[in-house]
1. How large is ³J(HN,Hα), in whole Hz, for each residue of segment B:47-59 in order, when computed from phi with the Karplus curve 6.51 cos²θ - 1.76 cosθ + 1.60 and θ = phi - 60°, using x for Gly and Pro?
2. GNM, chain A, Cα, under 10 Å: largest mean-square fluctuation among A:GLY63, A:GLY16, A:GLY100?
3. Between A:THR22, B:GLN2, A:PRO39, whose Cα lies farthest towards the positive end of the dipole of the protein assembly as shown when Lys and Arg beta carbons carry +1 and Asp and Glu beta carbons carry -1, centred on the Cα centre?
4. Would you work out the charge dipole size for the protein assembly as shown about its Cα centre, treating the Cβ of every Lys and Arg as +1 and the Cβ of every Asp and Glu as -1, and quote it to the nearest 20 debye?
5. Could you tell me the largest-minus-smallest coordinate of the C-alpha atoms of the protein assembly as shown on each of the three principal axes, in descending order and whole angstroms?
6. In whole Hz, with x marking every Gly and Pro, tabulate ³J(HN,Hα) for segment B:30-40 from phi via Karplus 6.51 cos²θ - 1.76 cosθ + 1.60, θ = phi - 60°.
7. Report, in debye and to the nearest 20, how large the dipole of chain B comes out about its Cα centre when Lys and Arg carry +1 and Asp and Glu carry -1 on their Cβ.
8. Pull up all non-local amide H partners of B:ALA59: gap of 5 or more, or a different chain, and H-to-H distance under 5 Å with H placed in the peptide plane.
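Read-outs: derived from the displayed coordinates by stated rules, not from any lab. Please read these numbers as outputs of a predicted model, since none were measured by experiment. Cβ atoms come from the backbone with ideal geometry, glycine included; neighbour counts cover every protein chain shown.
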Amino acid sequence: EAQVTQNPRYLITVTGKKLTVTCSQNMNHEYMSWYRQDPGLGLRQIYYSMNVEVTDKGDVPEGYKVSRKEKRNFPLILESPSPNQTSLYFCASSRDGVSGNTIYFGEGSWLTVV
Amino acid sequence: AQTVTQSQPEMSVQEAETVTLSCTYDTSESDYYLFWYKQPPSRQMILVIRQEAYKQQNATENRFSVNFQKAAKSFSLKISDSQLGDAAMYFCAYRSEKWGSGNTGKLIFGQGTTLQVKP
């Protein structure tokens with residue numbers, strides 16, 4: 001079954017404590033990205049990756065890091081989380097970054113920073 | 001830069017009736033894709049329907065259809081025979097067909113419309 005898996009699904013953490021949200025896809029997709037969803041703002045892209053070892057900033061990258069060492073994995077790293085990073089996060093993957101091919105989303109990760 | 005606007009924060013419909021959700025977008029590009037996603041209370045993102053800009057024919061998926069007006073930059077979603085399971089937030093989204101010049105392969109989302117279905 002084609003899927004994008006994110007972990008953890010729910011997390012409450014404290015300000016400044018580093019955390020990583022993992023993302024893995026089983027479809028051999030080249031393109032992966034992270035979004036955050038906030039009320040009234042829809043989803044906004046944080047970072048994206050065209051392929052292994054190729055990553056770049058999206059629209060709201062401040063406070064986040066990513067890596068793409070393997071094709072299937074694209075973790076999101078919050079080195080020093082702050083309360084304004086409390087949000088719902090989605091990992092997504094697709095065959096490439098320019099076509100209308102199906103974009104698969106993970107189930108989302110609720111992150112609360114206190 | 002491209003933008004997507006959903007001007008209806010909330011809509012309601014009676015079960016079995018028809019409802020139309022509005023979406024407008026702004027772009028200078030001619031080649032792109034438009035999507036409607038459904039987000040139920042589980043928060044999962046579910047693709048409802050997809051439209052290629054080069055196609056004049058409106059996309060249809062069972063009870064879901066779109067009215068794509070390229071010149072007007074309008075992309076509305078019509079849900080026929082509404083069911084209780086249609087209750088969700090609906091997002092309109094845009095994706096460029098070109099890479100570069102700010103196009104990063106991202107989906108550009110509207111603010112969302114919450115649809116309530118009344119029994």
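1. Ordered by residue, 3J(HN,Hα) equals 6, 9, 7, 9, 10, 8, 5, 7, 8, 7, 6, 6, 6 Hz.
2. Looking only at A:GLY63, A:GLY16, A:GLY100, the largest GNM fluctuation is found for A:GLY100.
3. In the protein assembly as shown, that residue is A:THR22.
4. On the way: 24 positive and 22 negative charges, 80 e Å.
Rounded to the nearest 20 debye, it is 380 debye.
5. 49, 39, 34
6. Running phi through 6.51 cos²θ - 1.76 cosθ + 1.60 with θ = phi - 60° gives 10, 10, 6, 10, 10, 9, 10, 10, 10, 10, x Hz.
7. About 200 debye.
8. Hits under the 5 Å cutoff: B:VAL66.
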